[in-house]
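Visitor: Once you've had a glance at the structure underneath, I'll fire off some questions.
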Amino acid sequence: MTRSSISVSASRARFEAAALALARERGADLVFSAPGCPARTEPVVGVDPVAELVFDEGTTPDDIREFCFGTPGPALGFISYSYGMLLRGVASAKARRFPLGHLKKYAARVEFDADGERALVFSADPALRGELAARIEAAPEHTAVEPVRGLPRRAPESSLGRAGYEAGVRETLARIRGGHTYQLNLSTRFSWTCPDLDPLALWASLWRRHPAPFYAWFSSGGHRVLSTSPERFLRVADGRVLSQPIKGTLRFDAPAPGLAERLTGSAKEAAELSMIVDLIRNDISAHCAYGSVRVENHKSVFAVDNLLQMYADVRGELRPGSDCLDLFLDAFPGGSVTGCPKRRSMEIIEELEPHARELFCGSMVVVRDERTLDSSIAIRTALFDAASGRLDVYAGSGIVVDSVPASEYEETLAKAEKFLDAAKIFDTEAT
């Protein structure tokens, strides 16, 4: 423990209550992670930004590296799928409303140590350290969830409704049979105009009801990121590399015997996972020591959002001469949200999807040093534009040769369900 930190005894509930108050009152950025999940990460709160890198078309990997490693302290933020398109040389003429990426460094951060049941406050400013420590100590153990108002009950607009999405799946199947791709992730976008929405209350309410490993709340100018992702993209911990791609989904209403076997026994779902695991192995090998890349726990299953999800652990060791951003940017965006082969699949996605993905299918990241970062795949993620009051929610599914168009569309609805159902749930509670 350095002199620039304070340790405060705190339960998870107290940490989260203090974090939400800091987000409300001081614009703090948040990462929450549910205990017991295979891809859990370290909860962190960024308070009072002191430096920011907002990406544009001219932002280079060297710019990102200089921002992250050129000054002390972790960087927190996002890198969009749209920036990944630039990295992969995939052109797009679609209008964007969101930055290509946004990273921040902070005057202070608060992290939660679940094993020690304590909050760690880091800051070079002793007054700020003391203030934040006092706020955590005074935070309640149980915080009532704020009512969420302003979500319209009407159905959202869709960039690809049922007919359009199923047509996209049929076209994807034709591309697979033609040899252009052998798996492709096709998405749709659901949009509401809701100028009275309190997006932080929505994010916090979703966290209480649907916890997952990679929740993130992040402010970028007039935009707000509400990410509720269950999927890790890449973690590098002192050079030890881990990716945990998710492929394979089964919706359920209640736990029942045999559900996991139904998922792992599906040839179609198993093929999705195996293809992406092979892609991830290839993606990380360029910056991993020879012979270190391996697959463990293939076809493992966990539950989130009334969905069973299948995943694998792909591991390696960062090779000498490569840093964590070399690894991240050369593998970005994650293969589970593009398809195989990656670049050609991204080109087809650009043809078939009428919307720009923006942050969706990019990553939320925490970069600590040259050999340490953690990052999600930004799925189950919404973007809110405070100026227009527009809320965008995205969902997609992986298409392989034996995909059924109607079933793939139903999968997108299942993945977006907690957002699609939010209006009727929360409006009832608010009355």
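Derivation of every value follows stated rules applied to the coordinates shown; laboratory data play no part. This structure is a prediction, so every number in the text was calculated from the model and none was measured. A quick note on method: Cβ atoms are made from the backbone with ideal geometry, for glycine too, and the neighbour counts reach across all protein chains shown.
Visitor: If packing is taken as the average number of other Cβ atoms within 10 Å across a peptide's residues, how do 390-396, 54-60 rank, most packed first? Present the calculation step by step, with values, prior to reporting the outcome.
Guide: On the way: 390-396: 24.0, 54-60: 13.1.
Order by mean packing, descending: 390-396, 54-60.
Visitor: When the Debye formula is applied to the Cα atoms of the range 235-379, each taken as the same point scatterer, what base-10 log of I(q)/I(0) results at q = 0.12, 0.13, 0.17 Å⁻¹?
Guide: For the range 235-379 at q = 0.12, 0.13, 0.17 Å⁻¹, log10 I(q)/I(0) is -0.54, -0.63, -1.01.
Visitor: Let me ask another. Counting only Cα, what are the radius of gyration and maximum Cα-Cα distance Dmax of the range 85-125, in Å?
Guide: So, for the range 85-125, Rg and Dmax equal 18.7, 50 Å respectively.
Visitor: Still on this structure, I have one more. If each Cα of the range 1-126 is one equal point scatterer, what is log10 of I(q)/I(0) from the Debye formula at q = 0.13 Å⁻¹?
Guide: -0.65
Visitor: While we're on this one: Counting each DSSP H run of 4 or more residues in the chain as -39500 (n - 2.57), what helix-only mean residue ellipticity at 222 nm follows after dividing by all residues, to the nearest 500 deg cm²/dmol?
Guide: -10000 deg cm²/dmol
Visitor: OK, next. Residue by residue through the range 351-359, which ³J(HN,Hα) values in whole Hz follow from phi under the Karplus form 6.51 cos²θ - 1.76 cosθ + 1.60 (θ = phi - 60°), with glycine and proline marked x?
Guide: 6, 8, 8, x, 9, 7, 6, 6, 6
Visitor: Here's something else I'd like to know. Under the classification rounded if a/c is under 1.5, otherwise prolate if a/b is larger than b/c and oblate if not, where does the range 350-406 fall, given a ≥ b ≥ c as square roots of the Cα gyration tensor eigenvalues?
Guide: Working: a/c = 2.76, a/b = 1.26, b/c = 2.19.
Oblate is the answer for the range 350-406, as a/c is 1.5 or above yet b/c matches or exceeds a/b.
Visitor: Another one. Work out from phi, with θ = phi - 60° and the Karplus expression 6.51 cos²θ - 1.76 cosθ + 1.60, the ³J(HN,Hα) of each residue of the range 218-223, listed in order in whole Hz, and give x for Gly and Pro.
Guide: 8, 9, 9, x, x, 9
Visitor: Among His142, His287, His355, what is the fewest-to-most ranking by other Cβ atoms within 10 Å? Walk me through the numbers on the way to the answer.
Guide: On the way: His142 8, His287 23, His355 17.
Ordered by Cβ neighbours within 10 Å, fewest first: His142, His355, His287.
Visitor: Take the alpha carbon atoms of the range 199-287, find their radius of gyration, then divide it by 2.2 N^0.38 Å using N residues; give the quotient. Show your work: numbers first, answer last.
Guide: Values: Rg = 16.9 Å, N = 89, 2.2 N^0.38 = 12.1 Å.
Rounded to two decimals, the normalised Rg is 1.40.
Visitor: Under a no-solvent Debye model with one identical scatterer per Cα of the range 112-193, what's log10 I(q)/I(0) at q = 0.20, 0.24 Å⁻¹?
Guide: -0.97, -1.17
Visitor: Further, regarding this structure: How many times 2.2 N^0.38 Å is the alpha carbon radius of gyration of the range 312-431?
Guide: Values: Rg = 17.8 Å, N = 120, 2.2 N^0.38 = 13.6 Å.
Scaled against compact globular proteins, the figure is 1.31.
Visitor: Once both labels are modelled 7 Å past Cα along the beta-carbon direction, what's the Glu42-Ser388 spacing in nm?
Guide: Each label point is offset 7 Å from its Cα along the Cβ direction, giving 3.8 nm.
Visitor: What residues have an amide H closer than 5 Å to that of Cys361, excluding those fewer than 5 places away on the same chain, when H is modeled at 1.01 Å from N in the peptide plane?
Guide: Under 5 Å from the amide H of Cys361: Ala378, Ile379.
Visitor: Then there's this: Quick one: Met275, Met310, fewest Cβ neighbours within 10 Å first, how do they rank? Numbers along the way, then the final one.
Guide: On the way: Met275 20, Met310 23.
Lowest to highest Cβ neighbour count: Met275, Met310.
Visitor: Which residue, Cys194, Ala267, Gly77, has the largest displacement toward the positive end of the dipole of the chain when charges sit on each Cβ (Lys, Arg +1; Asp, Glu -1)?
Guide: The residue sitting farthest along the positive end of the dipole is Ala267.
Visitor: Given all pairs of different Cα atoms, what value in angstroms does the Kirkwood hydrodynamic radius of the range 254-334 take?
Guide: On the way: mean 1/r = 0.0704 Å⁻¹.
Radius from the Kirkwood sum: 14.2 Å.
Visitor: Rounded to a whole number, what is D in µm²/s for the chain from Stokes-Einstein with the Kirkwood radius over alpha-carbon pairs (25 °C, 0.890 mPa s)?
Guide: On the way: Rh = 21.9 Å.
Stokes-Einstein gives a translational diffusion coefficient of 112 µm²/s.
Visitor: I need the phi-derived Karplus couplings for the range 98-112: 6.51 cos²θ - 1.76 cosθ + 1.60, θ = phi - 60°, integer Hz, Gly and Pro marked x.
Guide: Taking θ as phi minus 60°, the curve returns 10, x, 5, x, 7, 10, 10, 10, 10, 5, 8, 9, 10, 10, 10 Hz for the range 98-112.
Visitor: A follow-up question, please. Going by average Cβ density within 10 Å per residue, which order do the peptides 298-307, 40-49 take, highest to lowest? Walk me through the intermediate numbers first.
Guide: Values: 298-307: 17.5, 40-49: 21.0.
Highest-to-lowest ranking by the protection proxy: 40-49, 298-307.
Visitor: Please sort 4-10, 279-285 by packing, taking for each peptide the average over its residues of neighbouring beta carbons within 10 angstrom, highest first.
Guide: In descending order of packing, they fall as 279-285, 4-10.
Visitor: Can you list the residues, at least 5 places off or on another chain, whose amide H is less than 5 Å from the amide H of Ala10, using H built in the peptide plane?
Guide: Here the answer is Arg118, Ala119, since their amide H atoms fall under 5 Å of that of Ala10.
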